[in-house]
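These notes concern the structure reproduced below.
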């Protein structure tokens, strides 16, 4: 590389950086307070846009100068909508569960007045003497944010914020390095693909770099299809430039000219944010011809998926980009050698690419210092289901499941008992309490029968039926199977039918053997990951929760009282507070009435649709509504 | 008959207007279909024929792509779209119960449109709002914690029930 070129890159980037830093400082040092509202999809679902509107209106009404910035998701999704207020002289305070009324109060009492409204506070960002900060939370000792660092702290629609926080400096550095050096650095770091399978990223890059071919492609796989996982969505919505920067560096390292970001159509906000980010990057010549004055040219196109789970598989994704059916192809040849249009194609997951800039910036050694022997760095998990602190968390590899669920996630709500954690989506499995002390990494999870997958964790408690969750996943994989391999297409259907019978109480004892046999056949007879891993949810639940299957089959009983065909709702007359009408009013099908003389409530089992509304409505001090299984347990029923 | 013909020509016009912006490469097929559906709400036969001709590929290929991917629909949508999320977290927190409630209230199943073309109901694999489960996406906006009572609340906010009652009272009087 020529010295002149290096100097151009440095000076071009320095100029951009100086300007963005100036904007950033102007925002924070203007002497005015700054309000930040998390408006990623999770925030919006909880009403964040209404909060933004209320804040702006109130600020205008009070004639204050105070910008309201929309930021991404900071991972504390349980407390959405989240508002952060930074007032000069105070540490930044974060408020949870904000609604428009609270928003107006915050403006009047904290921004205009001086009362930080402690009753709505979630925590402070910096440590101080008054308000507990996030660093004091028990989860702080486990959380090590690398790729989530910017999420919820910067405006994802403003490239200046990203650059002012160190963004694109790794690109400027990488463009002055030899591509081989970058590849060897990534290889040395031990980074493994975060899409699920955990293939060493550096080796993939090396294969693609050495593959013959003048035209190469770089694809970012944002087809996060696993139900229960949303890390890729959150990153694309909250920090899209980190992924774009990773893509440009990867493309430079392997010599790719064309880039594609494949985002699910179910993520409209992510699509919108990525599109905007690409436009901004192009404007600053971070994309396009002769990036930052170097000899390297590269551009990225956005491609929206169209709702097919199987397209998360790389060969299917490529077929879909080519306008064909998303049907996986036999590998080898691997896409790194023969991919899009038969040309060498590097394809990496969103999170994998988000790590790239940090590895370039801090070096392989820094990355290697975290994590376990064979899985380096951090892991990002999405916590959902029956857990107090739902949201996103980034912890070093090797943290145990127990630490993630009980210390970071604060355990199970409503004093219920933990039953299992479903990890890895439809390809993963359900791990019981006994597996909780397992340090999480790619290999340990696989040994336990689950899979890292993309990192979705759904926590299940005593009210969740393990047969039902196995049936749910089979229903999903059966529907999403592309139909190419017979065992996947028909085998999953057979398994689904058997499981459906069991959840209806029509199962036979032989069915359990049939399930095990079919699971083996599907694993052996399928080409891609979808089929090969589809039986995992069934196999792990059979391995760890066989007694539940047996209860369904032998006694027609659902121990968790979840399978609708095997339960009935019942109001205990002795517990019913006769003058209360809570359940009667809420019943959506008018199935509850008062017993004419004694006034306790009765459920008409014929009319009841088992939606559970009455159980939620019954005041906790009475607790008169219960679920019974099998339904014949209801007194007076035959 | 005349009405149908008129509709067909309109579909053709809209489709060819969109096609002008694309290259005649097979790669454009899915983006074209997405654009056309975005404009028309669904993919009528006429539009698919037009696209096949434009790209110079068999009509069968267009149809197979349309039916392979979940996003594409062959029948017109309702005025309001109801998408019940059936991701893992939503399912475990009662997404299937919410779906039942929608089915009961609208009187249609997933993939169908109400007779008055007010609502269409469908399921979606996961919208990534797992922390707000169970989620229903109503007209593109994810609604958090949609339980059967909330289903009624949302419907009420559309004034659907009241309109229906109004119609019924008109009919009876």
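The values are calculated or read from the model by the stated rules, or taken from the named source; none is laboratory data. Please read all numbers here as calculations on a predicted model, not as lab measurements. All Cβ positions, glycine included, derive from the backbone under ideal geometry; neighbour counts span all protein chains shown.
Within the option set A:402, A:471, A:414, being free of Cβ contacts under 8 Å to residues at least 24 places away in the same chain, more than 17 Å from the chain's Cα centre (by Cα) and not in a strand (DSSP E or B) holds for one residue only, A:414.
Output the residues belonging to region A:263-283 that are more than 14 Å from residue A:241 (Cα to Cα), crowded, with 23+ Cβ neighbours inside 10 Å and free of Cβ contacts under 8 Å to residues at least 60 places away in the same chain. Give the steps one after another, and end with the answer.
Taking region A:263-283 and keeping what is more than 14 Å from residue A:241 (Cα to Cα), we get A:263-269.
From the residues that got through so far, the ones that are crowded, with 23+ Cβ neighbours inside 10 Å too are A:263-264, A:266-267.
Within region A:263-283, A:263, A:264, A:266 qualify.
Search region A:587-609 for residues being surrounded by fewer than 18 Cβ atoms within 10 Å (Cβ to Cβ) and within 14 Å of chain B (Cβ to nearest Cβ), and hand back the single one that is farthest from residue A:504 (Cα to Cα). Break it down into steps so the answer makes sense when it comes.
Residues of region A:587-609 surrounded by fewer than 18 Cβ atoms within 10 Å (Cβ to Cβ): A:589-590, A:593-600, A:602, A:604-609.
If we keep only those that are within 14 Å of chain B (Cβ to nearest Cβ) as well, we get A:589-590, A:607-609.
Working: A:589: 23, A:590: 25, A:607: 19, A:608: 17, A:609: 15 Å.
Ranking the qualifying residues of region A:587-609, first place goes to A:590.
Checked against (1) assigned to a helix (DSSP H, G or I); (2) within 14 Å of chain B (Cβ to nearest Cβ); (3) closer than 20 Å to residue B:35 by Cβ, residue A:261 meets all criteria but (1).
The requirement of being assigned by TED's automatic domain parsing to the domain that holds residue A:485, in contact with a helix residue (DSSP H, G or I) (Cβ under 9 Å, 6 or more places away or on another chain) and closer than 17 Å to residue A:452 by Cα is not satisfied by residue A:525. When region A:306-321 is filtered for residues that are in a loop (DSSP other than H, G, I, E, B) and either more than 8 Å from chain B (Cβ to nearest Cβ) or under 30 Å from residue A:3 (Cα atoms) (or both), only A:313 remains.
Tallying residues that are surrounded by 21 or more Cβ atoms within 10 Å (Cβ to Cβ) and without any contact (Cβ under 8 Å) to a residue 60 or more places away in the chain within region A:347-399 yields 1.
Does residue A:371 fit the bill of being within 14 Å of chain B (Cβ to nearest Cβ) and either under 21 Å from residue A:540 (Cα atoms) or at pLDDT below 95 (or both)? The answer is no for residue A:371.
Has region A:100-107 got at least one residue that is part of a strand (DSSP E or B) and touching a helix residue (DSSP H, G or I) at 6+ places or on another chain (Cβ under 6 Å)? No, there is no match, as no residue in region A:100-107 is part of a strand (DSSP E or B) and touching a helix residue (DSSP H, G or I) at 6+ places or on another chain (Cβ under 6 Å). Scanning region B:41-96 for residues that are surrounded by fewer than 16 Cβ atoms within 10 Å (Cβ to Cβ), within 18 Å of the chain's Cα centre (by Cα) and in a helix (DSSP H, G or I) yields B:45, B:67.
Every residue, every condition in (1) touching a helix residue (DSSP H, G or I) at 6+ places or on another chain (Cβ under 6 Å); (2) in a helix (DSSP H, G or I); (3) within 14 Å of another protein chain (Cβ to nearest Cβ), yes or no:
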position	(1), (2), (3)
A:50	yes, yes, yes
A:60	no, yes, no
A:63	no, no, no
A:69	no, no, no
A:73	yes, no, yes
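Looking at (1) under 19 Å from residue A:482 (Cβ atoms); (2) surrounded by 19 or more Cβ atoms within 10 Å (Cβ to Cβ), which is the one condition that is false for residue A:286? Only one criterion is unmet by residue A:286, namely (1). For the structure I just gave you, tell me whether residue A:56 is surrounded by fewer than 21 Cβ atoms within 10 Å (Cβ to Cβ), in a helix (DSSP H, G or I) and without any contact (Cβ under 8 Å) to a residue 24 or more places away in the chain. Yes; evaluated as a whole, the condition is true for this residue. Of all the numbered requirements in (1) within 14 Å of chain B (Cβ to nearest Cβ); (2) under 23 Å from residue A:349 (Cβ atoms); (3) touching a helix residue (DSSP H, G or I) at 6+ places or on another chain (Cβ under 6 Å), residue A:383 misses one, and that requirement is (3). Of the candidates A:324, A:301, the single residue that is assigned to a strand (DSSP E or B), within 14 Å of another protein chain (Cβ to nearest Cβ) and farther than 19 Å from residue A:197 by Cα is A:301. Does residue B:126 fit the bill of being closer than 25 Å to residue A:381 by Cβ and within 7 Å of another protein chain (Cβ to nearest Cβ)? Against the criterion (closer than 25 Å to residue A:381 by Cβ and within 7 Å of another protein chain (Cβ to nearest Cβ)), residue B:126 qualifies.
For region A:476-498, the set of residues classified as within 9 Å of another protein chain (Cβ to nearest Cβ) and closer than 22 Å to residue B:91 by Cα consists of A:476, A:479, A:480, listed by residue number. Going through region A:81-90 one residue at a time, which ones are buried (at least 17 other Cβ atoms within 10 Å of the Cβ) and outside any strand (DSSP E or B)? Once the filter is applied, which keeps residues that are buried (at least 17 other Cβ atoms within 10 Å of the Cβ) and outside any strand (DSSP E or B), region A:81-90 yields A:81, A:82, A:87, A:90.
Residues in region B:141-155 that are touching a strand residue (DSSP E or B) at 6+ places or on another chain (Cβ under 7 Å), facing chain A (nearest Cβ under 7 Å) and farther than 13 Å from residue A:46 by Cβ: there are none. Considering every residue within region A:147-159, establish whether at least one is in a helix (DSSP H, G or I) and either buried (at least 17 other Cβ atoms within 10 Å of the Cβ) or at pLDDT below 90 (or both). Yes, because at least one residue in region A:147-159 is in a helix (DSSP H, G or I) and either buried (at least 17 other Cβ atoms within 10 Å of the Cβ) or at pLDDT below 90 (or both). Of the residues examined, residue B:105 is not one that is touching a residue at least 12 places away in the same chain (Cβ under 8 Å), within 14 Å of chain A (Cβ to nearest Cβ) and assigned to a loop (DSSP other than H, G, I, E, B).
Might you let me know whether region A:204-218 holds any residue that is closer than 19 Å to residue A:147 by Cα and either within 14 Å of chain B (Cβ to nearest Cβ) or touching a helix residue (DSSP H, G or I) at 6+ places or on another chain (Cβ under 8 Å) (or both)? Outline the logic, then answer.
Taking region A:204-218 as the starting set, the residues that turn out to be closer than 19 Å to residue A:147 by Cα are none.
No, the conditions are met nowhere in region A:204-218.
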